[in-house]
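I have placed the structure first, in the form of structure tokens, so that the comments after it can refer back to it.
The values are calculated or read from the model by the stated rules, or taken from the named source; none is laboratory data. Because the structure is a prediction, the values reported are computed rather than measured. Here the Cβ positions follow ideal geometry from the backbone for every residue, glycine too, while neighbour counts run over all protein chains shown.
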Amino acid sequence: MKDPTDITGLHRGMFPVTLHEAKKGDKIVYWIGQHCGGPHRIDAALACKAGLCLLFCKRVGDGLFAYCAVKR
């Protein structure tokens, strides 16, 4: 299984590029924090609304979550 692509340190606008290059089932980590935020939050929400990906989060520490997308 392929490791998730981590774009947390990349500039705004990289979420759509990364999602386009991903294969079906690939995971993208777009933010790590207590709450969903960062430069990719809106792009991820729009891609989810368009049916391009599913969004989820998973606990990675005490009160810390990885916010992820999986390509559909």
If we keep only residues of region 43-66 that are aliphatic (A, V, I, L, M) and in contact with a strand residue (DSSP E or B) (Cβ under 6 Å, 6 or more places away or on another chain), then the residue farthest from Asp26 (Cα to Cα) is Val60
Tally the residues that are surrounded by 13 or more Cβ atoms within 10 Å (Cβ to Cβ) and either without any contact (Cβ under 8 Å) to a residue 40 or more places away in the chain or in contact with a Leu (Cβ under 8 Å, 6 or more places away or on another chain) (or both), restricting the search to region 16-45.
17
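For Ile28, indicate whether it is in contact with a helix residue (DSSP H, G or I) (Cβ under 8 Å, 6 or more places away or on another chain), at pLDDT 95 or above and of a type in the set (Val, Ile, Thr).
When the stated conditions are applied, Ile28 passes them.
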Answer yes if at least one residue in region 22-42 is in a helix (DSSP H, G or I) and either out of contact with any strand residue (DSSP E or B) (no Cβ under 8 Å at 6 or more places or on another chain) or among the aliphatic types (A, V, I, L, M) (or both), and no otherwise.
yes
Condition first: surrounded by 14 or more Cβ atoms within 10 Å (Cβ to Cβ) and either aliphatic (A, V, I, L, M) or not in a strand (DSSP E or B) (or both). Now tell me which residues in region 1-15 satisfy that.
Pro4, Ile7, Thr8, Leu10, Met14, Phe15
